[in-house]
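Here the structure is laid out as structure tokens; the discussion comes afterwards.
The values are calculated or read from the model by the stated rules, or taken from the named source; none is laboratory data. Remember, it's a predicted structure, so these values are computed and weren't measured experimentally. Cβ placement follows ideal geometry from the backbone for every residue including glycine, while neighbour counts extend to all protein chains displayed.
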Amino acid sequence: MVEIKVLGTGCAKCKQLEKDVFNALAELDLAADVEKVQDIKKIMSYKVMSTPALVVNGKVKVAGRVPRADELKKLITEER
Amino acid sequence: MAIFQWLNDQLLRMEWLSNLVALLVKNVFDLDLGSNLGGSIHFYIYDVIKIFILLSVLIFTISYIQSFFPPERTRQILGKYKGITANIFSALLGTVTPFCSCSSIPLFIGFTSAGLPIGVTFSFLISSPLVDLASVILLASIFNWKIAIAYVIVGVILAVIGGSIISRSNLEQYVEPFVYGNDSLDVDIEEMTTRNRIDFATDQVKDIIKRVWLYILIGVGIGALIHNWIPQPIIDAVLGQDKWYSVALATLVGIPMYADIFGTLPIAEALVLKGVGLGTALAFMMAVTALSLPSMILLSNVVKTKLLAVFVGIVSIGIIIIGYTFNAISYLFI
């Protein structure tokens, strides 16, 4: 199963990314383990410098922006 | 040369818009532009529309450019410089790196764990909110280019000096220890396609408008009040050019406030039109944008109170000095 982590300290963009991830998964009809990571130390372990950030199966796919639906779906599925 | 003046007047000052709104106020609302009501309604409608148009165009263009400068690249570039050169580049890059204030913690940690001195990081953190390419162009549209360029230069100098002082003051002990506990391997810098960049820029426009529209409406409202309703003697008494305390007062009032710079510009414009010193108005703008309660709370998660206090103190004093200086030399600009 795909493992997704949404990294963010709680601002509006971070919540937006989490919502978009769920929408993308619904459209892809894909089951995934989605975790929202808000703890700063855990976020830093991924070495991202801007939030929100998306981690799929352990790899940081995007940081600092919220990708549009098409790109998001691609980012989720290409890490299988 | 005349063509540049025309471009400036039509694209930035939007004289055509001012004239259109004047027609609206005179012929549709049937108000005299010289009256308080007519004048303030004209000011309000014209300023709001002008700011929203400029905002959209500027944010789009600048976000597109900014997509080439993610923090990861900035960190890589800064790692090559030492001493005050690093502070200078840091302050300059701070103006072009896209930066959501909720990223200030990851960014601070990212820069510091890569080995950049905290002073260099602070130069970035000072220049980033202070000198924003979009608001510089807005400044040029509301005042003129000389003021806009002077604002940039002065903002960058403040960031460089502030960061340098912090670098030289042995304040690393006041950074929370966990910040240093990360190893700083270089991460891949994401390569964006043109489509990605356009999407990013468009989303930035939508995002920022959603965030700031209320500040703009309120800011222009206050500007209109100052412009047409608050009597000259009151403004003179509090912020008049000859009052020694006006710059310090404007700065102290601005520090805890949080408002987007686009909201403060119409207020600064109205104040200057009413005879308040240019430096006083700029000091107010800088205090509101460079320092704010929310960003100080965020920073307190990664630096201890003493370092935070030093940071706030340096920036405040710097702003006050800049304010008085601009007041003294404002005859060069207006």
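Report, ordered by the first and then the second residue, all pairs with beta carbons closer than 8 Å, sequence separation of six or more or different chains, a first member in region B:149-163 that is without any contact (Cβ under 8 Å) to a residue 24 or more places away in the chain, and a second member that is crowded, with 24+ Cβ neighbours inside 10 Å and among the basic types (Lys, Arg).
Close Cβ pairs (under 8 Å, with a partner that is crowded, with 24+ Cβ neighbours inside 10 Å and among the basic types (Lys, Arg)) do not exist here.
Give the residues of region B:67-114 that are over 28 Å from B:Ala201 (Cβ atoms) and within 14 Å of chain A (Cβ to nearest Cβ), sorted by residue number.
Correct list: B:Thr112, B:Ser113.
Can you find a residue that is more than 14 Å from every other protein chain (Cβ to nearest Cβ) and over 30 Å from B:Lys274 (Cα atoms) anywhere in region B:121-135?
Yes; the residues of region B:121-135 include at least one that is more than 14 Å from every other protein chain (Cβ to nearest Cβ) and over 30 Å from B:Lys274 (Cα atoms).
Inside region B:233-253, can you point out the residues that are among the small types (Gly, Ala, Ser) and modelled with pLDDT of 85 or more?
B:Ser246, B:Ala248, B:Ala250
Does at least one position in region A:28-40 carry a residue that is more than 7 Å from chain B (Cβ to nearest Cβ), within 19 Å of B:Asn196 (Cβ to Cβ) and either of a type in the set (A, V, I, L, M, F, W, C) or more than 10 Å from the chain's Cα centre (by Cα) (or both)?
Within region A:28-40 (the criterion being more than 7 Å from chain B (Cβ to nearest Cβ), within 19 Å of B:Asn196 (Cβ to Cβ) and either of a type in the set (A, V, I, L, M, F, W, C) or more than 10 Å from the chain's Cα centre (by Cα) (or both)), the answer is no, since none of the residues qualifies.
Counting residues that are surrounded by fewer than 16 Cβ atoms within 10 Å (Cβ to Cβ), which strands (runs of 3 or more DSSP E) fully inside chain A reach at least 1?
Filter on chain A gives A:2-7, A:32-37, A:59-63.
What pairs come out if I take residues in region B:84-97 that are under 12 Å from B:Phe111 (Cβ atoms) and pair them with residues that are among the basic types (Lys, Arg) whose C-beta lies under 7 Å away, six or more apart or interchain?
As it stands, the answer is none, since no pair meets every condition given.
Taking the criterion of being away from chain A (no Cβ under 14 Å) and in contact (Cβ under 8 Å) with a residue 60 or more places away in the chain, would at least one residue in region B:178-193 satisfy it?
Within region B:178-193, none of the residues are away from chain A (no Cβ under 14 Å) and in contact (Cβ under 8 Å) with a residue 60 or more places away in the chain.
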